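Asks: Structure provided below as structure tokens; questions to follow.
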Amino acid sequence: MSRTSKEQSALIERLAAESFKDHVLTKRDDGTWRCAKPGTGIYSFNVFAAPGVVFVWGDIGEFAFRHSDANGLAWWLYAGSRDYFLEKLRACDDGAKKEFMFGDAMAHLLECERERRKELDEDREAERPRCDCPTPPDGEGCRRRATVHVETEDEEYDACDACADRFAADDVKRTPLTYNAKNGLWGTTIEDAAAEAGVELDPVLDRIAKVREAMSYVSDATPSEQSRAWWEAWCDQGNSDPPECEGWKSGPLWCWEAAQVFRRLYAAMHPDAPKTYAEQRAAEASS
Ligand SMILES: [Zn+2]
């Protein structure tokens, strides 16, 4: 199964940490920056920061950012979160910025299914009979969850395991209580047990299963084909607004990792430089 966007990010973070670990940062006379392992161009990249734009190019690809800061280097160094940073990406040799993540879609289905099953279990347990054993110490049923139906010569009642064992003689009849998914009732009959064992699907689970089945036909298709199939499968099930299940492509993720290594190396070269965007703003205001 294909990766989720989280797994994809983690993978690239790991690869980048390895690939960038011997990089050094140098500023050229023309104002551009180079970040590379000395003596090799592998995984090297260059950065040019100007008012409103930042360009990145090299072995990791080509990227153009558009930002609103008059100080391009400050934006590159201090631009907050990854999502904010990548939202400013205007061009990338990797094509569109985000793509459909099949793994995210499958994880979403699994989560929907889990939630639905939990709801059903809760509904079902709320309906479960309570222990009504007539002979516990206080004379009334203990009201714990009943698990069996007990029949003696002169009475019958639902009982929990403990009461059934303590108060019912060996010759009484005990029948496990089962849930009838068809009518939402608890009981002891063969018909109840058959319905419980049957594959009668809940309507919500049924819709989820149908979406999953539709997606199985496009598991090897391109992200844009998968995205369309996802939307169509949900529309067929009456939901025209399915979750997008999109993640950043690997090119932008590499660029974000490059920005991180650039920031660390720059900070090491300039120990007195501002550490945050707010500090940078304050430093600009006071100079
Ligand atoms: Zn009991």
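Asks: Using the Karplus curve 6.51 cos²θ - 1.76 cosθ + 1.60 with θ = phi - 60°, work out ³J(HN,Hα) for each residue of region 202-217 in order, rounded to whole Hz, and write x for Gly and Pro.
Replies: Residue by residue, region 202-217 yields 5, x, 5, 4, 5, 5, 4, 4, 5, 5, 4, 5, 4, 6, 5, 6 Hz.
Asks: Let me ask another. If the reach is capped at under 13 angstrom between alpha carbons, list the aspartates and glutamates near Lys37, excluding any in the same chain fewer than eight residues apart.
Replies: List returned: Glu18, Asp22, Asp59.
Asks: Just to confirm the filter: which GluC sites (Glu not before Pro) across region 13-94 are DSSP coil and have at most 16 other Cβ within 10 angstrom of their Cβ?
Replies: Glu62
Asks: A further question follows. Looking at the P(r) of the chain, how many percent of alpha-carbon pairs lie beyond 31 Å?
Replies: 56 percent
Asks: Can you tell me which of Pro223, Pro134, Pro51 moves the most in a GNM of the chain? Springs connect C-alpha atoms under 10 Å apart.
Replies: Of Pro223, Pro134, Pro51, the Gaussian network model singles out Pro134 as fluctuating most.
Asks: Per DSSP H run of n ≥ 4, the term is -39500 (n - 2.57); total these for the chain, divide by its residue number, and report the mean residue ellipticity at 222 nm rounded to 500 deg cm²/dmol.
Replies: Theoretical 222 nm ellipticity from helices: -14000 deg cm²/dmol.
Asks: Where does the charge balance sit around Arg116 when Lys and Arg score +1, Asp and Glu -1, over other residues with C-beta under 14 Å from its C-beta?
Replies: Counting the neighbours of Arg116, the net charge comes to -2.
Asks: Once Lys and Arg get +1 and Asp and Glu get -1 on their Cβ, which of Tyr157, Ala74, Leu86 lies farthest toward the positive end of the dipole of the chain?
Replies: Final value for the positive-end residue is Ala74.
Asks: Okay, next question. Mind scanning Lys6/Lys97; Lys88/Lys275; Lys98/Lys275; Lys27/Lys88 and naming the pairs with a C-alpha gap bigger than 28 Å?
Replies: Going by Cα-Cα distance, Lys98/Lys275 fall outside the 28 Å limit.
Asks: Something else: Taking springs between alpha-carbon atoms closer than 10 angstrom, which of Cys142, Cys255, Cys112 fluctuates most in the Gaussian network model of the chain?
Replies: Looking only at Cys142, Cys255, Cys112, the biggest GNM fluctuation is shown by Cys142.
Asks: Less than 17 Å apart at the alpha-carbon level, and either on another chain or at least 8 residues along: which aspartates and glutamates does that give for Lys173?
Replies: Reachable aspartates and glutamates: Asp132, Glu151, Glu153, Asp154, Glu155, Glu156, Asp158, Asp161, Asp165.
Throughout, read-outs are computed from the coordinates displayed, never taken from laboratory work. These figures come from a predicted structure and were not determined experimentally. Virtual Cβ from ideal backbone geometry, glycine too; neighbours counted across all protein chains shown.
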